[in-house]
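Data first, discussion second: the structure below is written as structure tokens.
The values are calculated or read from the model by the stated rules, or taken from the named source; none is laboratory data. These numbers come from a predicted model, not from an experiment. With ideal geometry, Cβ positions are generated from the backbone for all residues, glycine too; neighbour counts draw on all protein chains shown.
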Amino acid sequence: MDLPSDDELLAQARRFDLASITAIYDRYNNGLYYYAVRLLGDTALAEDCVAETFSRLLKTFRNGGGPKENLKGYLYRSVHNWVTDHYRRKPTLELDLYSELPDPDDDPCQQTEQNITRQNIRTALEKLTPDQRHVITLRFVEGWDIAEIAESIRKPIGAVKSLQHRALSSLQRFLLEAEKV
């Protein structure tokens, strides 16, 4: 059995076909959730983000709007926008101190080094512009190609390459500065 394409699902979901809306949710929920977790570092916030993303999608359908094509890009952009709005409202990063308790069998020095590296990367990513962070996350965490990212963020391929280049240069600079400290 062939799975319906995103365009077919979109056409049916715009008419509030429950099976199509469910298929969209099933197809994208997990990917959006893990994307939001990586951006937010908080599973509860990621759940809120994804729930709000699908809620907004349904509201736009009800109002006659929403994506006409590139459903995947639309949904990931919606998650990115929610995360950006979240950080604008609350600019400090909250860390769950109990989310990653060390294994007693792990080498404490190695664990500490990994935690410092992880924190340095998180701090460096926070220093990027929202567009740069979005491109880096889609490219290197989600594994999207440049063309998919360009379509998703509605920018030319050259602009995406430029954003990626500037972001990687900035990350390298930030991480080298963090090593000196």
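Return the pairs, sorted by first residue and then second, in which the second residue is assigned to a helix (DSSP H, G or I), the first residue lies in region 6-25 and is without any contact (Cβ under 8 Å) to a residue 12 or more places away in the chain, the beta carbons are less than 7 Å apart, and the residues are 6+ apart or on different chains.
Note: pairs meeting the criteria are Gln12/Ser20.
Tell me, please, whether a residue that is over 26 Å from Arg133 (Cα atoms) and among the small types (Gly, Ala, Ser) can be found in region 36-45.
Step one: filter region 36-45 for residues over 26 Å from Arg133 (Cα atoms), giving none.
The answer is no; no qualifying residue exists.
Might you let me know whether region 112-132 holds any residue that is among the basic types (Lys, Arg), in contact with a Phe, Trp or Tyr (Cβ under 8 Å, 6 or more places away or on another chain), modelled with pLDDT of 85 or more and under 16 Å from Arg38 (Cα atoms)? Don't jump to the end; show me each part of the working.
We begin by selecting, within region 112-132, every residue among the basic types (Lys, Arg); these are 118, 122, 127.
Right, trim to in contact with a Phe, Trp or Tyr (Cβ under 8 Å, 6 or more places away or on another chain) and you get 127.
Imposing the further condition that a residue be modelled with pLDDT of 85 or more reduces the set to 127.
Now narrow it down to the ones that are under 16 Å from Arg38 (Cα atoms): 127.
Yes, some residue in region 112-132 is among the basic types (Lys, Arg), in contact with a Phe, Trp or Tyr (Cβ under 8 Å, 6 or more places away or on another chain), modelled with pLDDT of 85 or more and under 16 Å from Arg38 (Cα atoms).
Kindly indicate whether Leu9 is aliphatic (A, V, I, L, M) and closer than 17 Å to Glu148 by Cβ. Break it down into steps so the answer makes sense when it comes.
On the way: aliphatic (A, V, I, L, M): yes; closer than 17 Å to Glu148 by Cβ: no.
When the stated conditions are applied, Leu9 does not pass them.
Please count how many residues of region 26-61 are buried (at least 17 other Cβ atoms within 10 Å of the Cβ) and among the hydroxyl-bearing types (Ser, Thr, Tyr).
Qualifying residue count, region 26-61: 4.
When the residues of region 138-155 are narrowed to those that are charged (D, E, K, R) and closer than 20 Å to Pro67 by Cβ, which ends up nearest to the chain's Cα centre (by Cα)? Lay out the reasoning, then the answer.
In the first step, residues of region 138-155 are kept if they are charged (D, E, K, R); the result is 139, 142, 145, 148, 151, 154-155.
Next, from what is left, pick out any that are closer than 20 Å to Pro67 by Cβ: 142, 145, 148, 151, 154-155.
Working: Glu142: 8, Asp145: 15, Glu148: 14, Glu151: 15, Arg154: 16, Lys155: 17 Å.
Filtering region 138-155 for residues that are charged (D, E, K, R) and closer than 20 Å to Pro67 by Cβ, the one nearest to the chain's Cα centre (by Cα) comes out as Glu142.
Tell me which helices (runs of 4 or more DSSP H) are completely within region 1-84 and hold 2 or more residues being within 17 Å of the chain's Cα centre (by Cα) and among the hydroxyl-bearing types (Ser, Thr, Tyr), or say none if there are none.
Ranges flagged: 18-40, 43-62.
For region 151-163, enumerate the residues that are at pLDDT below 90 and either small (Gly, Ala, Ser) or not assigned by TED's automatic domain parsing to the domain that holds Arg122 (or both).
Within region 151-163, just Ser152 meets the criteria.
Sort out which residues of region 83-110 are among the polar types (S, T, N, Q) and modelled with pLDDT under 75, and write them in order of number. Give the steps one after another, and end with the answer.
Going through region 83-110, the residues among the polar types (S, T, N, Q) turn out to be 84, 92, 99, 110.
Of everything in region 83-110, those that are among the polar types (S, T, N, Q) and modelled with pLDDT under 75 turn out to be Thr92, Ser99.
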